[in-house]
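Worksheet for the structure shown next.
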Amino acid sequence: MPERKNEAAWVESRQRWQINVQVDGKRKTFTSSIPGRKGKLTAERKADAWIREPVSAESARCEKLLTEYVTYLETTKDEGHARQYRCFVQLYILPVIGLRRINKLTSGDLQDVIDLAYARRRLSHKTLRNLRACLLNWLKWCRLHGKTALHPEGLSIPAGAKKSEKRVMAPSGLSTLFSSDKTTWWNRPVSDWYIHAYRFAVLTGLRPGEVIGLELSDIKSDKITIHRSVNVMGKVTQGKNNNARRTIFLPVQAQAELKAQKTQLRQAGLISPYLFPNKEGERVTERTLYGAWQRYCIANGIPPISLYELRHTFVSVNKKMPDGLKKKVVGHSQDMDTEGTYGHLMDGDLEEAAKFSEAAFSSILRKQA
(Lines give C-alpha, C1' and ligand atoms only; values in the text may rest on other atoms or scores of the structure.)
Protein backbone atom coordinates (compact mmCIF):
# COMPACT_ATOMS: atom_id res chain seq x y z
CA MET A 1 0.00 0.00 0.00
CA PRO A 2 1.45 3.47 -0.93
CA GLU A 3 2.43 5.73 1.93
CA ARG A 4 2.80 9.50 2.22
CA LYS A 5 6.40 10.68 2.42
CA ASN A 6 5.90 14.46 2.83
CA GLU A 7 4.19 16.65 5.44
CA ALA A 8 1.66 19.46 5.33
CA ALA A 9 3.11 23.00 5.22
CA TRP A 10 1.61 26.27 6.45
CA VAL A 11 0.86 28.67 3.57
CA GLU A 12 1.02 32.13 5.12
CA SER A 13 -0.55 33.94 2.17
CA ARG A 14 -3.64 31.70 2.35
CA GLN A 15 -3.65 31.12 6.08
CA ARG A 16 -4.00 27.37 5.80
CA TRP A 17 -2.17 24.08 6.00
CA GLN A 18 -1.59 22.44 2.59
CA ILE A 19 -0.18 19.12 1.39
CA ASN A 20 0.21 17.82 -2.17
CA VAL A 21 0.27 14.06 -2.78
CA GLN A 22 0.48 11.90 -5.90
CA VAL A 23 -0.48 8.28 -6.56
CA ASP A 24 -0.17 6.52 -9.93
CA GLY A 25 0.19 9.82 -11.74
CA LYS A 26 -2.80 11.44 -10.02
CA ARG A 27 -2.04 14.56 -7.99
CA LYS A 28 -4.31 16.01 -5.34
CA THR A 29 -4.11 18.86 -2.76
CA PHE A 30 -5.57 18.72 0.76
CA THR A 31 -5.91 21.70 3.08
CA SER A 32 -7.02 22.74 6.58
CA SER A 33 -7.64 26.27 7.85
CA ILE A 34 -7.40 25.22 11.49
CA PRO A 35 -4.33 26.91 12.99
CA GLY A 36 -1.65 25.06 14.88
CA ARG A 37 -0.73 21.37 14.99
CA LYS A 38 -4.35 20.26 14.89
CA GLY A 39 -4.78 21.84 11.45
CA LYS A 40 -1.58 20.20 10.17
CA LEU A 41 -2.72 16.76 11.30
CA THR A 42 -6.17 17.31 9.78
CA ALA A 43 -4.73 18.03 6.32
CA GLU A 44 -2.40 15.04 6.54
CA ARG A 45 -5.19 12.70 7.62
CA LYS A 46 -7.24 13.75 4.58
CA ALA A 47 -4.27 12.96 2.33
CA ASP A 48 -3.66 9.59 3.99
CA ALA A 49 -7.30 8.60 3.60
CA TRP A 50 -7.19 9.37 -0.11
CA ILE A 51 -3.92 7.50 -0.62
CA ARG A 52 -5.24 4.42 1.13
CA GLU A 53 -8.60 4.28 -0.63
CA PRO A 54 -9.35 0.71 -1.77
CA VAL A 55 -8.31 0.25 -5.40
CA SER A 56 -11.21 -0.63 -7.67
CA ALA A 57 -11.18 -3.98 -9.46
CA GLU A 58 -10.73 -2.17 -12.77
CA SER A 59 -7.55 -0.44 -11.61
CA ALA A 60 -5.89 -3.20 -9.55
CA ARG A 61 -2.21 -3.69 -10.14
CA CYS A 62 -1.21 -6.59 -12.38
CA GLU A 63 1.12 -7.78 -9.62
CA LYS A 64 -1.86 -8.44 -7.33
CA LEU A 65 -3.85 -10.24 -10.02
CA LEU A 66 -0.88 -12.34 -11.14
CA THR A 67 -0.29 -13.43 -7.54
CA GLU A 68 -3.95 -14.39 -7.18
CA TYR A 69 -3.80 -16.29 -10.47
CA VAL A 70 -0.77 -18.32 -9.35
CA THR A 71 -2.60 -19.17 -6.11
CA TYR A 72 -5.58 -20.30 -8.19
CA LEU A 73 -3.31 -22.56 -10.29
CA GLU A 74 -1.68 -24.07 -7.22
CA THR A 75 -5.05 -25.07 -5.80
CA THR A 76 -6.75 -26.28 -8.99
CA LYS A 77 -4.09 -27.50 -11.46
CA ASP A 78 -1.43 -30.17 -11.34
CA GLU A 79 1.86 -29.28 -9.67
CA GLY A 80 3.94 -29.25 -12.85
CA HIS A 81 1.62 -26.85 -14.65
CA ALA A 82 1.41 -24.50 -11.67
CA ARG A 83 5.18 -24.60 -11.16
CA GLN A 84 5.90 -23.67 -14.78
CA TYR A 85 3.48 -20.72 -14.76
CA ARG A 86 4.73 -19.54 -11.38
CA CYS A 87 8.26 -19.37 -12.82
CA PHE A 88 7.02 -17.48 -15.89
CA VAL A 89 5.25 -14.96 -13.66
CA GLN A 90 8.23 -14.40 -11.38
CA LEU A 91 10.98 -14.35 -14.00
CA TYR A 92 9.43 -12.71 -17.06
CA ILE A 93 6.00 -11.17 -16.41
CA LEU A 94 6.18 -9.33 -13.07
CA PRO A 95 9.37 -7.39 -13.93
CA VAL A 96 7.66 -5.92 -17.01
CA ILE A 97 3.99 -5.35 -16.10
CA GLY A 98 3.80 -5.98 -12.35
CA LEU A 99 3.30 -2.30 -11.47
CA ARG A 100 0.86 -1.62 -14.32
CA ARG A 101 -2.83 -1.15 -13.57
CA ILE A 102 -5.00 -3.77 -15.25
CA ASN A 103 -7.23 -1.06 -16.76
CA LYS A 104 -4.16 0.52 -18.39
CA LEU A 105 -2.72 -2.74 -19.73
CA THR A 106 -2.38 -2.99 -23.53
CA SER A 107 -1.54 -5.67 -26.06
CA GLY A 108 1.75 -3.86 -26.53
CA ASP A 109 2.63 -4.40 -22.85
CA LEU A 110 2.07 -8.12 -23.26
CA GLN A 111 4.13 -8.22 -26.43
CA ASP A 112 6.91 -6.47 -24.48
CA VAL A 113 6.92 -9.36 -22.00
CA ILE A 114 7.58 -11.85 -24.79
CA ASP A 115 10.08 -9.67 -26.67
CA LEU A 116 12.11 -8.85 -23.55
CA ALA A 117 12.15 -12.50 -22.43
CA TYR A 118 13.71 -13.36 -25.77
CA ALA A 119 16.09 -10.39 -25.89
CA ARG A 120 17.40 -10.90 -22.34
CA ARG A 121 17.31 -14.68 -21.98
CA ARG A 122 17.27 -15.96 -25.58
CA LEU A 123 14.44 -18.32 -24.74
CA SER A 124 13.54 -21.01 -27.26
CA HIS A 125 10.55 -20.79 -29.56
CA LYS A 126 8.73 -23.46 -27.52
CA THR A 127 9.36 -21.71 -24.19
CA LEU A 128 8.15 -18.41 -25.62
CA ARG A 129 5.00 -20.12 -26.88
CA ASN A 130 4.39 -21.44 -23.37
CA LEU A 131 5.01 -17.94 -21.96
CA ARG A 132 2.45 -16.52 -24.38
CA ALA A 133 -0.04 -19.20 -23.31
CA CYS A 134 0.55 -18.22 -19.69
CA LEU A 135 -0.24 -14.56 -20.47
CA LEU A 136 -3.37 -15.42 -22.44
CA ASN A 137 -4.67 -17.84 -19.79
CA TRP A 138 -4.08 -15.23 -17.07
CA LEU A 139 -6.03 -12.64 -19.07
CA LYS A 140 -8.85 -15.12 -19.62
CA TRP A 141 -8.97 -15.65 -15.84
CA CYS A 142 -9.04 -11.86 -15.34
CA ARG A 143 -11.92 -11.48 -17.80
CA LEU A 144 -13.90 -14.24 -16.08
CA HIS A 145 -13.52 -12.32 -12.82
CA GLY A 146 -14.53 -8.99 -14.31
CA LYS A 147 -11.08 -7.42 -14.00
CA THR A 148 -10.60 -6.51 -17.66
CA ALA A 149 -12.09 -6.76 -21.12
CA LEU A 150 -8.73 -6.89 -22.90
CA HIS A 151 -8.45 -9.40 -25.74
CA PRO A 152 -4.85 -9.11 -26.99
CA GLU A 153 -4.48 -9.41 -30.72
CA GLY A 154 -1.75 -11.33 -32.47
CA LEU A 155 0.89 -11.75 -29.78
CA SER A 156 3.84 -13.00 -31.80
CA ILE A 157 7.02 -14.94 -31.15
CA PRO A 158 10.24 -13.14 -32.23
CA ALA A 159 11.42 -14.44 -35.59
CA GLY A 160 14.88 -15.18 -34.24
CA ALA A 161 13.69 -17.58 -31.55
CA LYS A 162 15.30 -20.96 -32.08
CA LYS A 163 13.07 -23.91 -32.78
CA SER A 164 14.38 -27.11 -31.23
CA GLU A 165 15.06 -29.83 -33.74
CA LYS A 166 13.45 -33.11 -32.80
CA ARG A 167 15.54 -36.19 -33.54
CA VAL A 168 14.27 -39.65 -34.38
CA MET A 169 15.95 -43.02 -34.24
CA ALA A 170 17.36 -44.22 -37.56
CA PRO A 171 16.31 -47.63 -38.91
CA SER A 172 19.75 -49.02 -37.96
CA GLY A 173 19.17 -47.83 -34.40
CA LEU A 174 15.75 -49.49 -34.32
CA SER A 175 17.32 -52.73 -35.53
CA THR A 176 19.87 -52.55 -32.70
CA LEU A 177 17.18 -51.76 -30.14
CA PHE A 178 15.25 -54.91 -31.05
CA SER A 179 18.28 -57.17 -31.30
CA SER A 180 20.43 -56.14 -28.33
CA ASP A 181 19.45 -56.06 -24.67
CA LYS A 182 22.98 -55.25 -23.49
CA THR A 183 24.05 -52.14 -21.62
CA THR A 184 26.94 -51.32 -19.30
CA TRP A 185 27.12 -50.97 -15.53
CA TRP A 186 30.43 -49.89 -13.99
CA ASN A 187 31.99 -50.55 -17.41
CA ARG A 188 30.78 -54.15 -17.42
CA PRO A 189 28.27 -55.53 -19.97
CA VAL A 190 24.96 -56.52 -18.41
CA SER A 191 21.37 -57.07 -19.54
CA ASP A 192 19.34 -53.86 -19.46
CA TRP A 193 16.53 -54.14 -16.92
CA TYR A 194 14.43 -51.59 -18.84
CA ILE A 195 14.94 -52.94 -22.39
CA HIS A 196 11.27 -53.83 -22.79
CA ALA A 197 10.20 -50.37 -21.60
CA TYR A 198 12.28 -48.73 -24.37
CA ARG A 199 10.90 -51.06 -27.01
CA PHE A 200 7.34 -50.72 -25.76
CA ALA A 201 7.66 -46.91 -25.82
CA VAL A 202 8.76 -46.76 -29.45
CA LEU A 203 6.19 -49.37 -30.53
CA THR A 204 3.25 -47.50 -28.97
CA GLY A 205 4.24 -43.82 -29.09
CA LEU A 206 3.49 -43.38 -25.38
CA ARG A 207 4.95 -40.43 -23.49
CA PRO A 208 7.69 -41.37 -20.98
CA GLY A 209 5.43 -40.45 -18.07
CA GLU A 210 2.69 -42.68 -19.49
CA VAL A 211 5.08 -45.64 -19.79
CA ILE A 212 6.18 -45.15 -16.19
CA GLY A 213 2.57 -44.83 -15.05
CA LEU A 214 1.40 -48.10 -16.62
CA GLU A 215 0.06 -50.72 -14.23
CA LEU A 216 -0.71 -54.37 -14.90
CA SER A 217 -4.40 -53.63 -14.34
CA ASP A 218 -4.34 -51.30 -17.38
CA ILE A 219 -3.83 -54.29 -19.70
CA LYS A 220 -6.81 -56.10 -21.15
CA SER A 221 -5.85 -58.80 -23.64
CA ASP A 222 -4.35 -57.01 -26.67
CA LYS A 223 -5.08 -53.44 -25.60
CA ILE A 224 -4.03 -51.02 -22.89
CA THR A 225 -5.82 -48.05 -21.38
CA ILE A 226 -3.86 -44.96 -20.35
CA HIS A 227 -5.29 -43.80 -17.02
CA ARG A 228 -2.38 -41.78 -15.65
CA SER A 229 1.02 -40.26 -16.19
CA VAL A 230 3.94 -39.60 -13.82
CA ASN A 231 5.68 -36.24 -14.11
CA VAL A 232 9.37 -35.46 -13.60
CA MET A 233 8.73 -34.77 -9.91
CA GLY A 234 7.28 -38.25 -9.43
CA LYS A 235 3.70 -37.01 -9.06
CA VAL A 236 0.91 -39.12 -10.54
CA THR A 237 -1.38 -37.05 -12.77
CA GLN A 238 -4.33 -37.77 -15.04
CA GLY A 239 -2.21 -37.04 -18.08
CA LYS A 240 -1.36 -34.03 -20.19
CA ASN A 241 -4.93 -33.40 -21.31
CA ASN A 242 -8.26 -35.11 -21.93
CA ASN A 243 -6.92 -36.69 -25.12
CA ALA A 244 -4.16 -38.39 -23.12
CA ARG A 245 -6.66 -40.71 -21.44
CA ARG A 246 -7.22 -43.25 -24.17
CA THR A 247 -7.29 -46.93 -25.10
CA ILE A 248 -5.01 -48.35 -27.80
CA PHE A 249 -4.77 -51.76 -29.40
CA LEU A 250 -1.27 -53.19 -29.39
CA PRO A 251 0.57 -54.31 -32.54
CA VAL A 252 2.01 -57.82 -32.33
CA GLN A 253 5.50 -56.48 -31.57
CA ALA A 254 4.23 -54.55 -28.56
CA GLN A 255 2.30 -57.62 -27.37
CA ALA A 256 5.55 -59.61 -27.57
CA GLU A 257 7.40 -57.03 -25.46
CA LEU A 258 4.55 -57.09 -22.96
CA LYS A 259 4.86 -60.84 -22.65
CA ALA A 260 8.66 -60.63 -22.34
CA GLN A 261 8.36 -57.99 -19.59
CA LYS A 262 5.99 -60.15 -17.57
CA THR A 263 8.38 -63.08 -17.95
CA GLN A 264 11.27 -60.93 -16.75
CA LEU A 265 9.35 -59.86 -13.64
CA ARG A 266 8.35 -63.45 -12.91
CA GLN A 267 11.92 -64.74 -13.28
CA ALA A 268 13.15 -61.98 -10.94
CA GLY A 269 10.55 -63.03 -8.36
CA LEU A 270 9.01 -59.56 -8.37
CA ILE A 271 5.35 -58.99 -7.56
CA SER A 272 4.55 -55.40 -8.43
CA PRO A 273 1.47 -53.51 -9.60
CA TYR A 274 3.62 -51.63 -12.12
CA LEU A 275 4.35 -52.87 -15.62
CA PHE A 276 7.88 -51.41 -15.75
CA PRO A 277 9.06 -51.15 -12.12
CA ASN A 278 12.62 -50.76 -10.90
CA LYS A 279 14.49 -53.78 -9.53
CA GLU A 280 12.88 -53.30 -6.11
CA GLY A 281 9.39 -53.48 -7.62
CA GLU A 282 8.72 -49.79 -7.04
CA ARG A 283 7.64 -47.26 -9.63
CA VAL A 284 10.72 -46.14 -11.56
CA THR A 285 11.45 -42.41 -11.75
CA GLU A 286 11.82 -40.66 -15.07
CA ARG A 287 15.35 -39.61 -14.10
CA THR A 288 16.37 -43.23 -13.49
CA LEU A 289 14.78 -44.47 -16.71
CA TYR A 290 16.32 -41.64 -18.73
CA GLY A 291 19.79 -42.35 -17.30
CA ALA A 292 19.45 -46.06 -18.11
CA TRP A 293 18.33 -45.22 -21.65
CA GLN A 294 21.32 -42.94 -22.25
CA ARG A 295 23.70 -45.69 -21.04
CA TYR A 296 22.00 -48.14 -23.38
CA CYS A 297 22.44 -45.82 -26.38
CA ILE A 298 26.12 -45.28 -25.62
CA ALA A 299 26.78 -48.98 -25.04
CA ASN A 300 25.17 -49.90 -28.36
CA GLY A 301 26.53 -47.08 -30.51
CA ILE A 302 23.11 -45.45 -31.00
CA PRO A 303 23.21 -41.65 -31.41
CA PRO A 304 21.64 -40.54 -28.11
CA ILE A 305 18.09 -39.24 -28.30
CA SER A 306 15.67 -38.53 -25.49
CA LEU A 307 13.00 -40.91 -24.30
CA TYR A 308 10.41 -38.46 -25.56
CA GLU A 309 11.95 -38.63 -29.03
CA LEU A 310 11.06 -42.32 -29.15
CA ARG A 311 7.52 -40.95 -29.43
CA HIS A 312 8.59 -38.84 -32.40
CA THR A 313 10.17 -41.96 -33.87
CA PHE A 314 6.84 -43.78 -33.62
CA VAL A 315 5.07 -40.98 -35.47
CA SER A 316 7.77 -40.87 -38.16
CA VAL A 317 7.71 -44.64 -38.70
CA ASN A 318 3.93 -44.61 -39.08
CA LYS A 319 3.84 -42.13 -41.96
CA LYS A 320 1.19 -44.13 -43.80
CA MET A 321 -1.20 -44.30 -40.85
CA PRO A 322 -4.11 -41.89 -41.44
CA ASP A 323 -3.63 -38.71 -39.45
CA GLY A 324 -6.93 -39.06 -37.62
CA LEU A 325 -6.03 -42.52 -36.34
CA LYS A 326 -2.51 -41.46 -35.45
CA LYS A 327 -3.78 -38.62 -33.28
CA LYS A 328 -6.10 -41.00 -31.46
CA VAL A 329 -3.24 -43.40 -30.75
CA VAL A 330 -0.72 -40.83 -29.48
CA GLY A 331 -3.32 -38.71 -27.65
CA HIS A 332 -3.07 -35.54 -29.73
CA SER A 333 -5.80 -32.97 -30.33
CA GLN A 334 -6.45 -30.70 -33.31
CA ASP A 335 -7.61 -27.17 -32.52
CA MET A 336 -10.78 -26.33 -34.44
CA ASP A 337 -10.14 -29.12 -36.89
CA THR A 338 -12.97 -31.21 -38.35
CA GLU A 339 -11.25 -34.53 -37.71
CA GLY A 340 -10.14 -33.55 -34.21
CA THR A 341 -13.42 -31.92 -33.18
CA TYR A 342 -16.01 -34.11 -34.85
CA GLY A 343 -14.16 -37.32 -35.65
CA HIS A 344 -15.21 -40.30 -33.52
CA LEU A 345 -13.82 -43.80 -33.32
CA MET A 346 -15.76 -46.40 -35.26
CA ASP A 347 -15.79 -50.12 -34.48
CA GLY A 348 -12.51 -51.62 -35.65
CA ASP A 349 -10.61 -48.31 -35.94
CA LEU A 350 -8.19 -49.06 -33.12
CA GLU A 351 -7.49 -52.55 -34.43
CA GLU A 352 -6.76 -50.96 -37.81
CA ALA A 353 -4.33 -48.53 -36.18
CA ALA A 354 -2.46 -51.44 -34.56
CA LYS A 355 -2.12 -53.14 -37.97
CA PHE A 356 -0.59 -49.99 -39.51
CA SER A 357 1.97 -49.85 -36.72
CA GLU A 358 2.67 -53.58 -36.90
CA ALA A 359 3.33 -53.43 -40.65
CA ALA A 360 5.54 -50.33 -40.41
CA PHE A 361 7.87 -51.76 -37.76
CA SER A 362 7.96 -55.17 -39.46
CA SER A 363 9.11 -53.51 -42.69
CA ILE A 364 11.97 -51.63 -41.02
CA LEU A 365 13.19 -54.53 -38.90
CA ARG A 366 13.01 -56.96 -41.84
CA LYS A 367 15.16 -54.65 -44.00
CA GLN A 368 17.75 -54.33 -41.25
CA ALA A 369 17.96 -58.05 -40.58
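The values are calculated or read from the model by the stated rules, or taken from the named source; none is laboratory data. This one's a predicted model, so the numbers in the text were calculated from it and none came from an experiment. Cβ atoms come from the backbone with ideal geometry, glycine included; neighbour counts cover every protein chain shown. For the accessible areas, the whole protein counts, side chains as well, though only heavy atoms, and no ligand, DNA or RNA atoms are used. Shrake-Rupley method; radii C 1.70, N 1.55, O 1.52, S 1.80 Å.
Check every DSSP H run in the chain and write down those whose alpha carbon atoms cover 24 angstrom or more along the long axis and whose mean Kyte-Doolittle hydropathy is -0.5 or greater. Working shown, then result.
On the way: long enough: 125-144 (28 Å, -0.22); 349-368 (29 Å, -0.37).
Flagged H segments are 125-144, 349-368.
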In nanometres, the difference between 0.36 nm per residue of separation and the alpha-carbon distance of S13 and K162 is 47.0 nm
Taking a probe of 1.4 Å and leaving out DNA, RNA and ligands, the chain shows per residue an accessible area in Å² of 57
Descending packing, highest mean Cβ count within 10 Å first, for 26-32, 274-280 is 274-280, 26-32
Any GluC sites (Glu not before Pro) in the range 71-161 that lie in a DSSP loop and have at most 10 other Cβ atoms within 10 Å would be E153
Distribution output for the range 108-252: share of Cα-Cα pairs per 5 Å bin in percent, first bin at 0, values 2, 7, 11, 12, 12, 14, 13, 11, 8, 6, 3, 1, 0
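How large is the charge dipole for the chain, taken about the Cα centre, if only the Cβ atoms of Lys, Arg (+1) and Asp, Glu (-1) carry charge, to the nearest 20 debye?
Numbers: 61 positive and 38 negative charges, 258 e Å.
So the dipole magnitude of the chain works out to roughly 1240 debye.
Run the numbers for S221 and E280: contour at 0.36 nm per residue of separation, minus the present Cα-Cα distance, in nm.
Values: separation 59, 0.36 × 59 = 21.24 nm, distance 2.62 nm.
18.6 nm is the gain from fully extending S221 to E280.
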Which of K166/K235; K77/K279; K5/K46; K166/K223; K182/K262; K26/K104 exceed 22 Å between C-alpha atoms? The answer is K166/K235; K77/K279; K166/K223
Taking the range 162-232, the whole-percent share of alpha-carbon pairs separated by over 19 angstrom is 50
Rounded to a whole %, the carbon-and-sulfur portion of the accessible area of the chain at a 1.4 Å probe is 50
So, with points 7 Å from each Cα along the Cβ direction, the R52-S306 label distance in nm works out to 5.1
The equivalent-ellipsoid semi-axes of the range 36-95, taken as the square roots of five times the Cα gyration tensor eigenvalues and listed largest first in whole Å, are 40, 11, 9
As straight-line cross-link partners of K163, the qualifying lysines (C-alpha separation under 24 Å, not fewer than 8 residues apart within one chain) are K126, K240, K319, K326, K327
Computed over the Cα atoms of the chain, the Rg and Dmax in Å are 29.9, 103
With +1 at each Lys and Arg Cβ and -1 at each Asp and Glu Cβ, the charge dipole magnitude of the range 52-169 around its Cα centre, to the nearest 20 debye, comes out at 420
Asserting the computed 222 nm helical MRE of the chain (DSSP H runs at least 4 long, -39500 (n - 2.57) per run, divided by residue count, to nearest 500) equals -14500 deg cm²/dmol
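Scan the range 133-232 for chymotrypsin sites (Phe, Trp or Tyr not before Pro) in coil per DSSP, keeping those whose Cβ has at most 15 other Cβ atoms within 10 Å, and list them by number. Could the numbers behind the result be given before it?
On the way: sites: W138, W141, F178, W185, W186, W193, Y194, Y198, F200; in loops: F178, W186, W193, Y194.
Those that pass, being in a loop and sparsely packed, are W186.
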Residue separation between W185 and L136 times 0.36 nm, minus their alpha-carbon distance, gives in nm 12.9 nm
For the range 191-331, the percent of all C-alpha pairs falling in each 5 Å bin, from 0 up to the bin holding the max distance, is 2, 10, 20, 24, 23, 14, 6, 1, 0
